[in-house]
Amino acid sequence: MSRPESPFETNPPSGKRLLKSVLAAIGVAAIVLIAFVLPAEYGIDPLGVGRALGLTAIHAPPTRTLQV
């Protein structure tokens, strides 16, 4: 029995296409880091997206009120 062949085994992507894919992935990861992770984890919001989505509230310490 022969195993089924993957299309990437018979026709691998070119080096140029692979480089474009890697650069696109790095770009998307950088945007996610700046827009979502930094506001939620560190309270740094350079784009204002964190404030608009309420992500900066995740970073804020919880406020408690004491009832006497």
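Mind running the shape call on the stretch 16-59? Use the C-alpha gyration tensor, a ≥ b ≥ c as the square roots of the eigenvalues: rounded below 1.5 for a/c, prolate if a/b tops b/c, oblate otherwise.
Details: a/c = 4.33, a/b = 3.46, b/c = 1.25.
The shape class here is prolate.
For the chain, what relative contact order do you get, as a whole percent, if you take Cα pairs closer than 8 Å and at least 6 residues apart? Mind dumping the intermediate values first?
On the way: 37 pairs, mean separation 13.1, N = 68.
Worked out over the chain, it gives 19 percent.
If we count other beta carbons within 10 Å of each Cβ, what is the order of E9, E41, fewest first?
E9, E41
With a Förster radius of 30 Å, plug the Cβ-Cβ distance of L66 and A25 into 1/(1 + (r/R0)^6) and report the FRET value to the nearest 0.05.
Taking R0 as 30 Å, the efficiency between L66 and A25 is 0.05.
The numbers here are math on the coordinates, done by the rules we state, and not lab data. This structure is a prediction, so every number in the text was calculated from the model and none was measured. Heads up, the Cβs are rebuilt from the backbone with ideal geometry, glycines too, and the neighbour counts pull from every protein chain shown.
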